[in-house]
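K.L.:
Please find one structure pasted underneath; my questions will follow.
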Amino acid sequence: MSENIIDARGLSCPEPVFKARQAMLNKTNSQVKILVDSEVAKDNILNQAEIDNFSSSMEKQGEDYLITLQRR
Amino acid sequence: MVISNRLVIITGLIVGFLGAFLVLWGNPVNMGICVACFVRDIAGGIGFHRAEVVQYIRPEVIGFVLGAFLLSIFTGEFKPRGGSAPMIRFFLGALMMIGALAFLGCPLRMILRLAAGDLNAVIGLLGFAGGIWAGGKFLKMGFSLGPSPALNKTNGFIIPGLIIGLFILFVFSPGLFFSSTSGPGSLRAPLLLALGAGLLVGALAQRSRLCTAGALRDLFLIRNPHLFYGVLAIFLAALIGNLILGNFSLGFSDQPVAHTDALWNFLGLGLVGITAVLLGGCPLRQLILSGEGNTDSGLVFLGMMAGAGVSHNFGLAGSPAGLALPGQIAVIAGLILSLAIAGGIIIFNKK
């Protein structure tokens, strides 16, 4: 498991959700953390996690959201 | 579900319904709502081009931007940001417009044309899907225009401010602007009705993030049908509306404000598809984001205005007779330039 955080702040649709998903699908690690700064990106990632059947948790850090995705 | 499909479907139904009924109320046939056409009309209205049949300050466009602006202020989503590859965004916005005007409509009008039985739009849809598929490939290869950080809030007021200023001038001194007396630009829904429809669509699209390019992109790229439900809803509502209004005729020939040049319908919307994915959204979405204070999308909007000017000043736009040679050259050049920009970004992103 790596503690690398994908910094997707400021990136526009669909990059944050796409990056998070690629990381979950491609890497051997079971957990991905991704940092975003928009409501849209946060909602998209959380929504996509449900579609892909990953568990997700979200933590607000000031103006940003840190989302952790995990394989179920 | 974090995001419910209900809102995007309701938005789609209302957009489709308005798309059909704005024709009854005065807009050109199969053009109840068309973002590219209406931005082109505005470009003509302020004299960026002199195509006399497509000049009018379309209140719908004012409404799209203001609806998104007002609602985003209210919900706290008005967060000005920008600075992500501004020159490329402006340029791709112009190319997106050139592609749309070769087909004679943005993807939204493509859906409305489909819902009126215009089979040329099926060819356009295939091209649009092809462009989006290609754009998705570039995303997978590492295409990114880079982050757009939050900006001082003042930045976000420029586009909504220009739009409000334009509308005030138009209402109180319409003689300042060019105004078609024949052709599509002369066919108009009443001002307040058009503005109201625009505001409603702008607000709903802001809330639901409806995007015609995102619909196919998400389906291809992340197997997520959420936005696609919205597009289906537009189609169904417009289809029902058109059947009620007797505005459905299946076929290729004699379709209103359309041509039957299959290759150029395909490539024209192909150019729109690829630029829309590279830019992160279709023409409608760019206007909505402009209203939310996104200055990157604001530059795409201005690029679309410039593209409309170039397109009509140099005879690049399609007409019911088809797409003339200059337009064909422009679409091919646009595709090559889009691919070159995407390739360049991918290569230099890796260095």
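K.L.:
Anything in region B:228-241 that is open to solvent by 10 Å² or more (accessible area, probe 1.4 Å) and either closer than 15 Å to B:Leu108 by Cβ or not in a helix (DSSP H, G or I) (or both)? List them, or say none.
P.N.:
Within region B:228-241, B:Phe228, B:Val231, B:Leu232, B:Phe235, B:Leu236, B:Ala237, B:Leu239 qualify.
K.L.:
Just name the residue that is surrounded by the most Cβ atoms within 10 Å (Cβ to Cβ) out of those in region B:148-159 that are at the interface with chain A (Cβ under 8 Å from one of its Cβ atoms) and assigned to a loop (DSSP other than H, G, I, E, B).
P.N.:
Per the criteria, the residue is B:Ser148.
Quick grid of which residues meet (1) in a helix (DSSP H, G or I); (2) without any contact (Cβ under 8 Å) to a residue 60 or more places away in the chain; (3) among the hydrophobic types (A, V, I, L, M, F, W, C):
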{"position": "B:Pro256", "(1), (2), (3)": "no, no, no"}
{"position": "B:Leu263", "(1), (2), (3)": "yes, yes, yes"}
{"position": "B:Phe266", "(1), (2), (3)": "yes, no, yes"}
{"position": "B:Gly270", "(1), (2), (3)": "yes, no, no"}
{"position": "B:Thr275", "(1), (2), (3)": "yes, no, no"}
{"position": "B:Ala308", "(1), (2), (3)": "yes, no, yes"}
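K.L.:
Any idea which of (1) modelled with pLDDT under 95; (2) within 20 Å of B:Val23 (Cα to Cα) is the one B:Val231 doesn't satisfy?
P.N.:
Here B:Val231 clears every test but (1).
K.L.:
Among the listed residues B:Phe78, B:Phe177, identify the single one that is aromatic (Phe, Trp, Tyr) and in contact with a Lys or Arg (Cβ under 9 Å, 6 or more places away or on another chain).
P.N.:
Result: B:Phe78 is the single residue among B:Phe78, B:Phe177 that is aromatic (Phe, Trp, Tyr) and in contact with a Lys or Arg (Cβ under 9 Å, 6 or more places away or on another chain).
K.L.:
Also, quick follow-up: Would you call B:Gly165 free of Cβ contacts under 8 Å to residues at least 12 places away in the same chain, small (Gly, Ala, Ser), surrounded by fewer than 17 Cβ atoms within 10 Å (Cβ to Cβ) and away from chain A (no Cβ under 14 Å)?
P.N.:
yes
K.L.:
Same structure again: Which one of these does B:Gln255 not meet: (1) within 19 Å of the chain's Cα centre (by Cα); (2) more than 14 Å from chain A (Cβ to nearest Cβ)?
P.N.:
Going through (1) within 19 Å of the chain's Cα centre (by Cα); (2) more than 14 Å from chain A (Cβ to nearest Cβ) one by one, B:Gln255 breaks only (1).
K.L.:
Ok, one more. Can you say whether A:Ser12 is closer than 30 Å to B:Ala205 by Cα, touching an Asp or Glu at 6+ places or on another chain (Cβ under 8 Å) and open to solvent by 20 Å² or more (accessible area, probe 1.4 Å), as far as the supplied structure shows?
P.N.:
Yes: the conditions hold for A:Ser12.
K.L.:
Here is a further query. One residue is enough: does region B:179-194 have a residue meeting the conditions more than 14 Å from chain A (Cβ to nearest Cβ), assigned to a helix (DSSP H, G or I) and closer than 29 Å to B:Pro86 by Cβ?
P.N.:
Scanning region B:179-194, I find no residue that is more than 14 Å from chain A (Cβ to nearest Cβ), assigned to a helix (DSSP H, G or I) and closer than 29 Å to B:Pro86 by Cβ, so the answer is no.
The values are calculated or read from the model by the stated rules, or taken from the named source; none is laboratory data. Predicted model, so just to flag it, every value in this text is computed and none were measured. Quick reminder, even Gly has a Cβ in these numbers, built from the backbone with ideal geometry, and neighbours come from all protein chains shown. With ligands, DNA and RNA removed, areas are computed over all heavy atoms of the protein, side chains included. Shrake-Rupley method; radii C 1.70, N 1.55, O 1.52, S 1.80 Å.
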